[in-house]
Amino acid sequence: MGGVDVKSWKNPILLISGVGISYLGNWIYLIALNIAVLNLTGSAAAIAGLFIIRPIATLITNFWSGSVIDRVNKRRLLIFIDLIRGLLVFLIPFMESIWKIYFILLLINMVGSFFGPASNVYITKLIPPENRKRFNSIMSMTSSGAFLLGPAIAGTLIMFVDTDLCIFINAVTFIVCAFFIYLLPNVDEEKKAVREKISFQTLVADWQVVREFIIKAKFFIMVYLLFQTATLIGFALDSQEVTFIKQVLDLSDQKYGLIVSITGVGAILGAFVAALIAKKVPLKLYVGAGMFLTSIGYILFYSSFNFLTATLAFVFLGFFMAFANAGYATFFQTQVPEAIMGRFGSLADMVQGIIQIVLTLILGFFAEVFSLQLICILFSIVSILFALSLLLYILLPSNAVYFHESSGEGVEG
């Protein structure tokens with residue numbers, strides 16, 4: 001990555017290292033938790049319950065968490081969140097009831113729902129505008145690397161030790177992440193000694209501010225809606241990938257695992273290339289072309305007919321998804337005012353969670369009634385249409401001003 005000033009990247013590297021270790025711990029913990037719950041209950045329904053907890057936590061917290069995020073010191077909040085999550089995760093192996101585990105997981109996810117929006121605001125203030133696209137690409141590469149290594153490490157540890165150690169490792173990674181964030185600078189102006197209490201009236205006023213932004217920022221909202229609709233259809237399609245691979249392609253569990261691993265390599269490679277060419281390729285192509293080619297990847301996958309074609313399609317998908325995600329994160333950081341970023345991000349997460357649940361249920365229903373492959377191809381086509389509309393809308397000459405990548409403002413790292 002030529003032209004990188006190492007000194008100016010000291011703080012971003014600290015942040016990427018901390019969050020990357022946390023990502024890795026999360027994947028190790030996720031595999032271990034599934035096995036631990038299955039061993040405890042012997043119930044597939046109990047495993048399914050694990051995946052319902054996060055949306056429930058999001059619905060409980062996200063209509064008010066943004067108001068807290070936008071009013072407190074982001075660095076201190078992130079440290080507090082990781083310390084609390086580390087402590088709560090540490091308690092899980094000592095729980096002997098599935099309901100106690102569910103309760104602890106609900107608390108972990110409620111606290112965790114603050115992390116994404118708060119870290120987005122912190123990143124926006126810490127990273128100068130000219131470095132954000134490269135930073136987001138490297139962050140995407142870190143996430144993909146954790147996705148690739150975490151399950152492999154978990155599998156090895158579980159084979160030789162037990163699931164409890166994997167869960168304790170995740171608790172430690174949260175503490176390590178908190179320490180790395182502690183080493184980073186404070187990017188918020190000092191808050192008033194007497195902090196405003198968050199009442200119902202405060203929440204109403206806050207959402208009014210967000211509503212005014214939505215009405216005013218027509219271009220951003222259009223890009224947001226087109227991008228997120230295509231993305232959420234993709235997430236719904238992800239819910240059927242195991243069924244498609246095992247029932248339609250008739251592949252073994254081992255080959256499914258291999259496809260997922262190779263896809264991770266594709267995502268890491270895509271994020272690496274996205275970081276490498278960040279200064280050379282316009283942001284609008286990362287967002288528009290990245291999302292369009294990602295959607296093409298879904299239809300290639302659900303049109304595949306054997307192990308090789310499925311693997312190639314998923315590598316293609318993972319490669320270009322890295323561009324789309326890095327591009328959208330950068331665009332979001334550029335277009336949403338820092339003062340309301342926490343509130344908008346929390347609202348967006350909540351709405352996306354609801355839509356994702358609905359789309360997944362609709363896709364699952366139609367896949368039961370009709371041919372799974374046909375329904376998934378039709379959903380992929382709908383995703384492509386939204387992504388193509390996004391690309392064409394972004395490329396309109398009149399919209400070029402929204403993707404101006406200057407080195408003007410921004411907080412120094």
Query raised in the report: Of the numbered conditions (1) surrounded by fewer than 17 Cβ atoms within 10 Å (Cβ to Cβ); (2) more than 24 Å from Glu212 (Cβ to Cβ); (3) modelled with pLDDT under 80, Val401 satisfies every one except a single condition; which is it?
Result: (2)
Report summary line: If you go through Ile375, Ile340, the only one that is under 30 Å from Leu258 (Cα atoms) and more than 17 Å from the chain's Cα centre (by Cα) is Ile375
Query raised in the report: Within the stretch 82-106, how many residues are of a type in the set (A, V, I, L, M, F, W, C) and in a loop (DSSP other than H, G, I, E, B)?
Result: 1
**Report entry** Residue identified as over 18 Å from Met321 (Cβ atoms), surrounded by 23 or more Cβ atoms within 10 Å (Cβ to Cβ) and of a type in the set (A, V, I, L, M, F, W, C) among Ala152, Ala118
**Finding:** Ala118
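Pick from Ile101, Ile123: which is surrounded by 19 or more Cβ atoms within 10 Å (Cβ to Cβ) and either in contact with a strand residue (DSSP E or B) (Cβ under 8 Å, 6 or more places away or on another chain) or under 22 Å from Ile79 (Cβ atoms) (or both)? Quick ask: steps written out before the conclusion?
Values: Ile101 fails: either in contact with a strand residue (DSSP E or B) (Cβ under 8 Å, 6 or more places away or on another chain) or under 22 Å from Ile79 (Cβ atoms) (or both).
None of the others qualify; the one that does is Ile123.
Are any of the residues in the stretch 233-252 in the same structural domain as Ser380 (by TED's automatic domain parsing), under 27 Å from Leu392 (Cβ atoms), of a type outside the set (Lys, Arg) and surrounded by fewer than 21 Cβ atoms within 10 Å (Cβ to Cβ)? Walk me through how you get there before you give the answer.
Of the stretch 233-252, the ones in the same structural domain as Ser380 (by TED's automatic domain parsing) are 233-252.
The next check asks that each one be under 27 Å from Leu392 (Cβ atoms); those that pass are 233-238.
In the following step, the residues that additionally are of a type outside the set (Lys, Arg) were identified as 233-238.
Cutting the leftovers down to surrounded by fewer than 21 Cβ atoms within 10 Å (Cβ to Cβ) gives us 235, 238.
Within the stretch 233-252, one or more residues are in the same structural domain as Ser380 (by TED's automatic domain parsing), under 27 Å from Leu392 (Cβ atoms), of a type outside the set (Lys, Arg) and surrounded by fewer than 21 Cβ atoms within 10 Å (Cβ to Cβ).
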Query raised in the report: Checking Phe379 against (1) closer than 21 Å to Ser239 by Cβ; (2) aromatic (Phe, Trp, Tyr); (3) free of Cβ contacts under 8 Å to residues at least 60 places away in the same chain, which test does it fail?
Result: (3)
**Report entry** Selected residue [touching a Pro at 6+ places or on another chain (Cβ under 8 Å) and either hydroxyl-bearing (Ser, Thr, Tyr) or at negative phi (or both)] from Ile158, Ile167, Ile123
**Finding:** Ile167
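Please find, among Ile84, Ile108, the residue that is of a type in the set (A, V, I, L, M), surrounded by 15 or more Cβ atoms within 10 Å (Cβ to Cβ) and out of contact with any Leu (no Cβ under 6 Å at 6 or more places or on another chain).
Values: Ile108 fails: out of contact with any Leu (no Cβ under 6 Å at 6 or more places or on another chain).
So the residue among Ile84, Ile108 that is of a type in the set (A, V, I, L, M), surrounded by 15 or more Cβ atoms within 10 Å (Cβ to Cβ) and out of contact with any Leu (no Cβ under 6 Å at 6 or more places or on another chain) is Ile84.
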Query - Exclusive hit being out of contact with any helix residue (DSSP H, G or I) (no Cβ under 7 Å at 6 or more places or on another chain), modelled with pLDDT of 85 or more, within 26 Å of Leu77 (Cβ to Cβ) and assigned by TED's automatic domain parsing to the domain that holds Lys10, set Phe135, Phe168, Phe179 - result: Phe179
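Regarding Val176, is this residue β-branched (Val, Ile, Thr) and surrounded by 20 or more Cβ atoms within 10 Å (Cβ to Cβ)?
Values: β-branched (Val, Ile, Thr): yes; surrounded by 20 or more Cβ atoms within 10 Å (Cβ to Cβ): no.
Judged against the criteria, Val176 is not a match.
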Report summary line: Per the filter on the stretch 344-385, residues aromatic (Phe, Trp, Tyr), farther than 17 Å from Ala230 by Cβ and assigned to a helix (DSSP H, G or I) are Phe344, Phe365, Phe366
Query raised in the report: Could you count how many residues in the stretch 232-265 are touching a residue at least 24 places away in the same chain (Cβ under 8 Å) and under 17 Å from the mean Cα position of the chain (by Cα)?
Result: 9
Query - Checking Tyr256 against (1) touching a Leu at 6+ places or on another chain (Cβ under 7 Å); (2) over 17 Å from Met321 (Cβ atoms); (3) surrounded by 17 or more Cβ atoms within 10 Å (Cβ to Cβ), the condition it does not meet - result: (1)
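So, of the residues in the stretch 273-307 that are part of a loop (DSSP other than H, G, I, E, B) and of a type in the set (Gly, Ala, Ser), which turns out to be surrounded by the most Cβ atoms within 10 Å (Cβ to Cβ)?
Taking the stretch 273-307 as the starting set, the residues that turn out to be part of a loop (DSSP other than H, G, I, E, B) are 277-282, 303-306.
Those still in the list that are of a type in the set (Gly, Ala, Ser) too: 278, 303-304.
Numbers: Ala278: 24, Ser303: 14, Ser304: 20.
My answer is Ala278.
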Query raised in the report: Among (1) without any contact (Cβ under 8 Å) to a residue 60 or more places away in the chain; (2) closer than 27 Å to Ile296 by Cα, which single condition is Val204 missing?
Result: (2)
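The values are calculated or read from the model by the stated rules, or taken from the named source; none is laboratory data. From a predicted model like this one, the values you see are computed outputs, not experimental measurements. As a convention, Cβ positions derive from the backbone with ideal geometry for all residues, glycine included, and neighbour counts pool all protein chains shown.
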